[in-house]
Amino acid sequence: MTETRASERGRYLTTQFDSSSEVRLVPRSADTTRIISEDPLVVIGDTRYEGAPCFLYLPPGQADTVFVDYLDNLRAVARWPVWSHSPGTPPEAAFSIREIPGKGKGMIARRAIKGGELIWSERPIYAARRTLTCASDQTDANGIFYRAALQKLSAASRRAFFELGSAYPQSEFDVVPGILNTNCLEISISDGDSPGDHDPDPHDSFAGLFPTLSRANHSCRPSANYYFSVRSFTGQLWATEDISPGEEITITYTPLTAPRMERRAFLARTRFFLCSCPACAIPTSQAETSDRRRIVICELLARLQHTQYPPRIPKEELEQILEWAAAERMMVEYAKVLLFGSQVFTLYGEREAAAEWAARARSAFRMVEGEWSHHLSR
Ligand SMILES: C[S@@+](CC[C@H](N)C(=O)[O-])C[C@H]1O[C@@H](n2cnc3c(N)ncnc32)[C@H](O)[C@@H]1O
């Protein structure tokens with residue numbers, strides 16, 4: 001079993017990265033790219049058709065990120081002031097990246113971690129709009145488009161990229177789209193707290209690949225929350241409970257409000273593994289209870305989240321739902337129930353309860369998303 005400190009980024013699987021062969025990621029004959037701006041460095045992904053997605057390379061030192069999107073949006077992204085700010089030093093690594101039987105590598109706590117602690121933060125090395133379209137000869141099987149995007153990243157970032165694994169069958173998927181699909185996490189760049197004056201399409205979703213955060217494995221009873229802070233353009237990992245040395249640090253890849261069968265089917269389809277986490281491994285009778293609770297939480301949030309005039313829900317009912325959310329370790333949902341609950345109390349004139357729940361919501365969001373949670377700035 002190999003053990004490497006997470007702060008020694010880029011050292012665990014160096015044998016997989018052959019810098020001489022990776023320098024030219026795309027053979028000259030397949031290269032459809034052309035530089036269209038030097039400062040900022042913007043490269044069109046495919047010169048053969050108008051409106052092709054482009055690659056924006058953000059300054060090494062601050063970001064060393066390739067942002068893949070359509071040119072109009074990249075022009076705005078390039079102007080975001082966040083790129084001239086340092087992402088901040090990540091905390092001293094409280095974990096090691098280690099081989100975990102049946103899961104590949106994962107994060108293991110090296111010391112006791114307190115609930116509410118920031119475990120790690122970093123900028124993505126690859127960020128892309130999910131719905132990008134590229135030419136039909138630039139497929140997942142040959143990976144040309146994605147390889148072209150990596151070309152102008154620093155060697156250190158490319159090395160970090162190639163150290164990550166692909167869960168996709170190599171016969172069907174080039175290793176580069178395989179790594180992206182296996183490791184990307186959701187990044188929200190329009191949560192009302194955009195780092196620039198330009199808000200991109202809020203209905204479009206983006207994904208980011210992180211050298212270290214992408215090592216976090218999944219659990220339906222996660223011990224940590226992955227949060228993307230658009231303000232600093234960093235992915236962050238927050239401990240949602242106390243974690244003991246030697247315990248695995250996990251996040252969720254699936255909505256926790258879904259029942260067990262749905263979660264497992266989703267993970268098998270999108271991430272190629274059968275989840276056997278503590279929430280999935282429980283006996284059927286307990287799983288039924290857990291499913292029922294999750295469905296109630298899901299329905300409640302649906303009733304409260306997207307409406308200006310939520311129904312009046314008795315405090316006792318909300319307290320019961322909070323208890324279930326805590327028991328299922330659904331700590332983001334727990335914070336949301338508190339927040340929407342406080343709004344219900346405000347709407348129906350229950351001022352004392354509204355103030356109390358708003359304070360509890362603030363402290364719950366601080367724990368799972370930190371001081372700069374966009375929920376706290378509302
Ligand atoms: C984002 S990566 C996580 C890091 C990865 N384990 C590694 O070695 O770099 C996602 C992949 O890790 C594996 N994985 C994550 N959570 C798992 C779990 N609970 N059980 C089994 N495999 C898991 C799956 O292969 C999944 O496609």
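The values are calculated or read from the model by the stated rules, or taken from the named source; none is laboratory data. All values derive from a computational prediction rather than experimental measurement. Please note: Cβ atoms are built from the backbone with ideal geometry, for glycine as well, and neighbour counts cover all protein chains shown. Ligands, DNA and RNA are stripped out before the accessible areas are found, and what is left, the full protein with its side chains, is counted by its heavy atoms. Shrake-Rupley method; radii C 1.70, N 1.55, O 1.52, S 1.80 Å.
Yes or no: segment 127-134 includes at least one residue that is open to solvent by less than 50 Å² (accessible area, probe 1.4 Å) and outside any strand (DSSP E or B). Checking segment 127-134: at least one residue is open to solvent by less than 50 Å² (accessible area, probe 1.4 Å) and outside any strand (DSSP E or B).
What residue, of Arg231, Arg293, Arg303, is among the basic types (Lys, Arg), away from the ligand (no atom under 16 Å from the Cβ), at pLDDT below 95 and closer than 25 Å to Gly341 by Cβ?
So the residue among Arg231, Arg293, Arg303 that is among the basic types (Lys, Arg), away from the ligand (no atom under 16 Å from the Cβ), at pLDDT below 95 and closer than 25 Å to Gly341 by Cβ is Arg303.
Please go through segment 249-263 and give me each residue that is open to solvent by 70 Å² or more (accessible area, probe 1.4 Å) and more than 30 Å from Ala93 (Cβ to Cβ), ordered by number. Once the filter is applied, which keeps residues that are open to solvent by 70 Å² or more (accessible area, probe 1.4 Å) and more than 30 Å from Ala93 (Cβ to Cβ), segment 249-263 yields Met261, Glu262.
Against the criterion of being closer than 27 Å to Arg366 by Cα, within 16 Å of the ligand (Cβ to nearest atom) and modelled with pLDDT of 95 or more, Ala279 qualifies. Look at (1) away from the ligand (no atom under 16 Å from the Cβ); (2) crowded, with 17+ Cβ neighbours inside 10 Å and you find that Arg98 fails only one, number (1).
When segment 157-188 is filtered for residues that are assigned to a helix (DSSP H, G or I), in contact with a Lys or Arg (Cβ under 8 Å, 6 or more places away or on another chain) and surrounded by fewer than 21 Cβ atoms within 10 Å (Cβ to Cβ), only Thr182 remains.
So which residues in segment 102-127 are within 30 Å of Asp72 (Cβ to Cβ) and either without any contact (Cβ under 8 Å) to a residue 24 or more places away in the chain or away from the ligand (no atom under 16 Å from the Cβ) (or both), if there are any at all? Hits for segment 102-127 are Ser121, Arg123.
From the residues in segment 249-276 that are of a type outside the set (Gly, Ala, Ser) and away from the ligand (no atom under 14 Å from the Cβ), which one is farthest from Val332 (Cα to Cα)? If we take residues in segment 249-276 being of a type outside the set (Gly, Ala, Ser) and away from the ligand (no atom under 14 Å from the Cβ), then Met261 is farthest from Val332 (Cα to Cα).
Does at least one position in segment 67-86 carry a residue that is within 18 Å of the chain's Cα centre (by Cα) and either open to solvent by 30 Å² or more (accessible area, probe 1.4 Å) or at pLDDT below 95 (or both)? No: segment 67-86 contains no residue that is within 18 Å of the chain's Cα centre (by Cα) and either open to solvent by 30 Å² or more (accessible area, probe 1.4 Å) or at pLDDT below 95 (or both).
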